[in-house]
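Q: Structure in structure tokens, see below.
The values are calculated or read from the model by the stated rules, or taken from the named source; none is laboratory data. The shown structure was predicted, so the numbers you read here are calculated from the model rather than taken from an experiment. When we count neighbours, we look across all protein chains shown, and the Cβ atoms used for this are built from the backbone with ideal geometry, even at glycine. In case anyone asks, the SASA skips ligands and DNA or RNA and just uses the protein heavy atoms, side chains included. Shrake-Rupley method; radii C 1.70, N 1.55, O 1.52, S 1.80 Å.
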Amino acid sequence: MTGAAPDPAACRRTEIADNLARVRQRIAAASADVGREPDEVTLTVVTKFFPASDVRILAELGVRDLGENRHQEALAKAEDLRDLDLRWHFVGNLQSNKAAAVAAYADVVESVDRPKLVNGLSGGARERGADLDCLIQVNLDPSGAGADPTRSGAAPADVVPLAERVTAAEGLRLRGVMAVAPLGEDPAAAFGALVEMAQQVRRIDPSATWVSAGMSGDLEVAIRSGATHVRIGSAVLGRRRAIK
Ligand SMILES: *Cc1c(COP(=O)(O)O)cnc(C)c1O
């Protein structure tokens, strides 16, 4: 075979476009299964470990909601891509001493899981002069919060009081709940519990309608359970490799 070597950037674009089309199809099919419109579900592409160049491709393909789970990496991408009209969702474990800094660039913090974060987020949002959308991250592990140290989140009994704190804080807007299905548990049961929790949170603020649930492996279950937001990484971008 002769001819020019394939352009790696063009290949990457094709790969992402194909994957994205498949994920959008999966969202549409799962929505149709339960009589929901696909545009009732927001796709957030989680870009952790992937370069800003991939985010540019995603933006060209119409993705506006991006997720990151580590402050340094999120900040670097948000600064690099300031020219694009993007909504950054912080979905990771948040240290309280980083909360104000995250509020300076994030549009949504999905991982609010303890009262200690509220002051920092509120201060950061006020300084920025924009309201910050907040989701309460719920720990759905039936063996109790902290049983799986890789899964953070507020214990179910702490969710309503925490949501009340968020609502009362200046600059913060309570939007709903988020969870990751516990490893080894039935995701349908977990997401069902999350949707019940979401109803309790909505009583505090009727505009808190978001239910962020579902990742690459379980987005169908999440959508059938009532998720309004899915957070998809590997099904769009491929397997994550550690970056230096
Ligand atoms: C990485 C991550 C995702 C995406 O996971 P995939 O399985 O790659 O789709 C979703 N939510 C959170 C909180 C994450 O950290």
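Q: Want the number for Asn97 to Ala28: 0.36 nm per residue separation, take away the alpha-carbon distance, what's left?
A: Working: separation 69, 0.36 × 69 = 24.84 nm, distance 3.97 nm.
The span from Asn97 to Ala28 would gain 20.9 nm if fully extended.
Q: Determine the share of the stretch 1-47's accessible area contributed by carbon and sulfur atoms, expressed in whole percent, with a 1.4 angstrom probe.
A: In the stretch 1-47, the share of accessible area belonging to carbon and sulfur is 55 percent.
Q: Can you give the FRET efficiency for Asp7 and Asp186, using 1/(1 + (r/R0)^6), R0 = 41 Å, r = Cβ-Cβ distance, to the nearest 0.05? Don't skip to the answer; put the middle values down first.
A: Details: r = 45 Å, r/R0 = 1.09.
That gives a FRET efficiency of 0.40.
Q: To the nearest 20 Debye, how big is the dipole of the stretch 123-244 about its Cα centre, given +1 on the beta carbon of each Lys and Arg and -1 on that of each Asp and Glu?
A: Working: 14 positive and 14 negative charges, 111 e Å.
Using only the charged Cβ atoms, the result is roughly 540 debye.
Q: Taking Cα pairs under 8 Å and at least six residues apart, what relative contact order does the stretch 81-125 come out at, in percent?
A: 43
Q: Still on this structure: What is the extension gain from Asp131 to Glu196, computed as 0.36 nm multiplied by their sequence separation minus the C-alpha to C-alpha distance, in nm to one decimal?
A: 20.8 nm
Q: Based on Cβ point charges of +1 for Lys and Arg and -1 for Asp and Glu, what charge dipole magnitude is obtained for the stretch 75-186 about its Cα centre, in debye rounded to the nearest 20?
A: Taking the Cα centre of the stretch 75-186 as origin, the dipole is about 320 debye.
Q: Continuing with this model, one more query. Could you point to the residue in Gln200, Gly217, Leu172 farthest towards the positive end of the stretch 154-223's charge dipole, with +1 and -1 charges on the Cβ of Lys/Arg and Asp/Glu respectively?
A: The Cα lying farthest towards the positive end belongs to Leu172.
Q: From the helices alone, meaning DSSP H stretches of at least four residues, give me the mean residue ellipticity at 222 nm for the chain, per-run term -39500 (n - 2.57), in deg cm²/dmol to the nearest 500.
A: So the helix-based figure for the chain works out to -13000 deg cm²/dmol.
Q: Treating the beta-carbon of each Lys and Arg as +1 and of each Asp and Glu as -1, no other charges, what is the dipole magnitude of the stretch 38-95 about its Cα centre, to the nearest 20 debye?
A: The dipole of the stretch 38-95 has a size of about 200 debye.
Q: How high is the relative contact order of the stretch 1-129, in percent, counting Cα pairs under 8 Å that sit 6 or more residues apart?
A: Rounded, it is 16 percent for the stretch 1-129.
Q: Considering Cα pairs under 8 angstrom that are at least six residues apart, work out the relative contact order of the stretch 45-87 and quote it in whole percent.
A: 47
Q: Sort out for me the Cα centre separation of the stretch 163-180 from the stretch 1-67, rounded to whole Å.
A: 29
Q: Please determine, in degrees from 0 to 90 and to the nearest 10, the orientation of helix 71-80 with respect to the longest principal axis defined by the Cα atoms of the chain, where the helix direction is its Cα long axis.
A: Result, in degrees: 50.
Q: Where a Cα-Cα gap under 12 Å defines reach, which aspartates and glutamates qualify for Lys77, not counting those fewer than 8 residues away within the same chain?
A: Straight-line reach from Lys77, under 12 Å: Asp54, Glu68.
Q: Using packing as a proxy for protection, rank 192-202, 80-90, 213-223 so that the peptide with the highest average count of other Cβ atoms within 10 Å comes first.
A: 213-223, 192-202, 80-90
Q: Decide, for the stretch 1-108, between rounded, prolate and oblate: order the square roots of the alpha carbon gyration tensor eigenvalues as a ≥ b ≥ c, take rounded if a/c falls under 1.5, and otherwise choose prolate if a/b is larger than b/c, else oblate.
A: Working: a/c = 2.53, a/b = 1.17, b/c = 2.16.
It comes out oblate by the Cα gyration axes.
Q: Taking the 0 to 90 degree range and rounding to the nearest ten, how far is the long axis of helix 187-204 tilted relative to the main principal axis of the chain, both from C-alpha atoms?
A: Once rounded, the angle reads 50 degrees.
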